[in-house]
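The values are calculated or read from the model by the stated rules, or taken from the named source; none is laboratory data. In this text the structure is predicted, and so the values were computed from the model without any measurement. With ideal geometry, Cβ positions are generated from the backbone for all residues, glycine too; neighbour counts draw on all protein chains shown.
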């Protein structure tokens, strides 16, 4: 069986390559103050948090972000909402991650919703800051935000939909659950209460 370090290294390389590849996939929406970019480049680097570790995930975002910026594939502002996603999910998970516990489907869906929401919020906040810096006032902010919301919402929905299955796929290869013991079975059976026995005792009284 492949050892743990080799498995994490392969997962990290795959997620890094997928993140870099997806940085080329961009949709553009024209705004009065410029162009809004809609992309899903961060889904694999964010999902890597749940398989290769939180800090490995951050390292992937930084390395791919710097490389894509140097090659002029993206700008540095492109990666700010992805970094916000990382901070939010890392905080939710207590800044640590283990593969010794099974991740359930409901948890993966919750993490996807959190990622999508923070991505949506990050996009709108970043856009607001850019508008203020360009125009010097807040008068144009409501109109720009209204124009940009559909694109930001689409991106948030894509994150919410795509992160859970990728997380579950990566966890399938990374989880290293401890073997079940007799004590585990005993703990489960000890919690079962025979209500019929209690009812008989009450009837006798």
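Scan segment 125-138 for residues that are modelled with pLDDT under 80 and over 13 Å from residue 34 (Cβ atoms) and report the count.
Adding up the residues that qualify gives 3.
Looking at 47, 39, 52 in this structure, which one is in contact with a strand residue (DSSP E or B) (Cβ under 6 Å, 6 or more places away or on another chain) and under 19 Å from residue 165 (Cβ atoms)?
Details: 47 fails: in contact with a strand residue (DSSP E or B) (Cβ under 6 Å, 6 or more places away or on another chain); 52 fails: in contact with a strand residue (DSSP E or B) (Cβ under 6 Å, 6 or more places away or on another chain).
Step by step, each of 47, 39, 52 is checked, and only 39 is in contact with a strand residue (DSSP E or B) (Cβ under 6 Å, 6 or more places away or on another chain) and under 19 Å from residue 165 (Cβ atoms).
Taking residue 147, is it under 27 Å from residue 76 (Cβ atoms), surrounded by fewer than 18 Cβ atoms within 10 Å (Cβ to Cβ), modelled with pLDDT under 90 and in contact with a strand residue (DSSP E or B) (Cβ under 9 Å, 6 or more places away or on another chain)?
Working: under 27 Å from residue 76 (Cβ atoms): yes; surrounded by fewer than 18 Cβ atoms within 10 Å (Cβ to Cβ): yes; modelled with pLDDT under 90: yes; in contact with a strand residue (DSSP E or B) (Cβ under 9 Å, 6 or more places away or on another chain): yes.
When the stated conditions are applied, residue 147 passes them.
Which of the residues spanning segment 1-37 are crowded, with 17+ Cβ neighbours inside 10 Å and either more than 20 Å from residue 80 (Cβ to Cβ) or under 17 Å from the mean Cα position of the chain (by Cα) (or both)?
Correct list: 7, 8, 11, 12, 15, 16, 18, 19, 20, 22, 23.
Which number in (1) assigned to a helix (DSSP H, G or I); (2) surrounded by fewer than 16 Cβ atoms within 10 Å (Cβ to Cβ) marks the one condition that residue 152 misses?
With (1) assigned to a helix (DSSP H, G or I); (2) surrounded by fewer than 16 Cβ atoms within 10 Å (Cβ to Cβ) applied to residue 152, the lone miss is (2).
Quick one: in segment 155-174, of everything that is closer than 18 Å to residue 27 by Cβ and surrounded by fewer than 16 Cβ atoms within 10 Å (Cβ to Cβ), which residue is nearest to the chain's Cα centre (by Cα)? Spell out the reasoning first.
Restricting attention to segment 155-174, the residues satisfying the condition of being closer than 18 Å to residue 27 by Cβ are 155-162.
Now restrict to residues that are surrounded by fewer than 16 Cβ atoms within 10 Å (Cβ to Cβ): 157, 161.
On the way: 157: 12, 161: 10 Å.
Selected residue: 161.
Answer yes or no as to whether residue 109 is modelled with pLDDT of 95 or more and in contact with a helix residue (DSSP H, G or I) (Cβ under 8 Å, 6 or more places away or on another chain). Walk me through it before giving the result.
Numbers: modelled with pLDDT of 95 or more: yes; in contact with a helix residue (DSSP H, G or I) (Cβ under 8 Å, 6 or more places away or on another chain): yes.
So residue 109 passes the test.
What are the pairs with Cβ atoms under 9 angstrom where one residue, in segment 149-176, is free of Cβ contacts under 8 Å to residues at least 12 places away in the same chain and the other, located anywhere, is surrounded by fewer than 18 Cβ atoms within 10 Å (Cβ to Cβ) and in a helix (DSSP H, G or I)? Sequence gap at least six, or different chains.
Cβ pairs passing all conditions: none.
Report, ordered by the first and then the second residue, all pairs with beta carbons closer than 8 Å, sequence separation of six or more or different chains, a first member in segment 94-109 that is without any contact (Cβ under 8 Å) to a residue 60 or more places away in the chain, and a second member that is surrounded by 10 or more Cβ atoms within 10 Å (Cβ to Cβ) and outside any helix (DSSP H, G or I).
From segment 94-109, the pairs are 97/53.
Determine which single condition residue 64 fails, assuming it passes every other condition in (1) at pLDDT 95 or above; (2) surrounded by 20 or more Cβ atoms within 10 Å (Cβ to Cβ); (3) within 14 Å of the chain's Cα centre (by Cα).
It fails just one condition, (3).
Does segment 84-106 hold any residues that are outside any loop (DSSP other than H, G, I, E, B) and surrounded by 16 or more Cβ atoms within 10 Å (Cβ to Cβ), and which are they? Steps first, please.
In the first step, residues of segment 84-106 are kept if they are outside any loop (DSSP other than H, G, I, E, B); the result is 84-92, 105-106.
Result: 84, 85, 86, 88, 89, 90.
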